[in-house]
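Below is one structure, written out as structure tokens, with a few remarks after it.
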Amino acid sequence: MMPREQCLRILARHIPEEIVVPVYTAAFDWIVIRPHALNYTSVGAMGLASSHALGLALGRPDRKVIVLDGDGSLLMNLGSLVTIGAEAPRNLFHFVCENGTYEANGGHPIPGRERLSFAGLAKSAGYAGVHEFSDLADFERRIAGVLQERGPVLVELKLIPGVPSTKLDYGLLYRASGRSEFKSALAQT
């Protein structure tokens, strides 16, 4: 099991200019670790990160799109795995922060957390590549190669439940200026 913040710091070193769709507690850490106009944080409903990322990946096939999803969030929209597998965007990298809890909603356990494999679900849904990481050194050693694969790729990060590095200020994530900055940055690239 790995600390989320450390995983995200490693990932940030490898994706300096990509479009990133972070949600909930991962988003709060991400916007501190990698503040950037191409962070798309206005997803607004649990489970929609993968769907928003798919739209961005299809609309901008010239850019890598990274989604930082939560396990509880993805459970709300498992059908997106099948749609992503069918559309097969080569530029989509789907990271699932798997800690077995609905962390943003009080840390309640997700159903099936002892036996569920998001990597297994993604593989059977048609993702081109799947990976699971539970060791930080292994993740750091292999992430550059993973990000060179043809997508869609799902990376299941086995994480320690924790707290975000900043206060859960949803106004910060969903501010109108953030959406405007994202639109401008996307149009310029």
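Observations
- Test: residue in segment 140-154 that is at pLDDT 95 or above and farther than 19 Å from Val65 by Cα: yes
- Among the residues making up segment 16-32, those that are of a type in the set (A, V, I, L, M, F, W, C) and crowded, with 18+ Cβ neighbours inside 10 Å are Ile19, Val20, Val21, Val23, Ala26, Ala27, Phe28, Trp30, Ile31.
- Condition check for Gly85 on (1) under 22 Å from Val130 (Cα atoms); (2) of a type in the set (Gly, Ala, Ser); (3) modelled with pLDDT under 95; (4) surrounded by fewer than 21 Cβ atoms within 10 Å (Cβ to Cβ): one failure, at (3).
The values are calculated or read from the model by the stated rules, or taken from the named source; none is laboratory data. What you are looking at is a predicted structure, and each value in this text was computed from that prediction instead of being measured. No Cβ is skipped: glycine too gets one built from the backbone with ideal geometry, and neighbour counts run over all protein chains shown.
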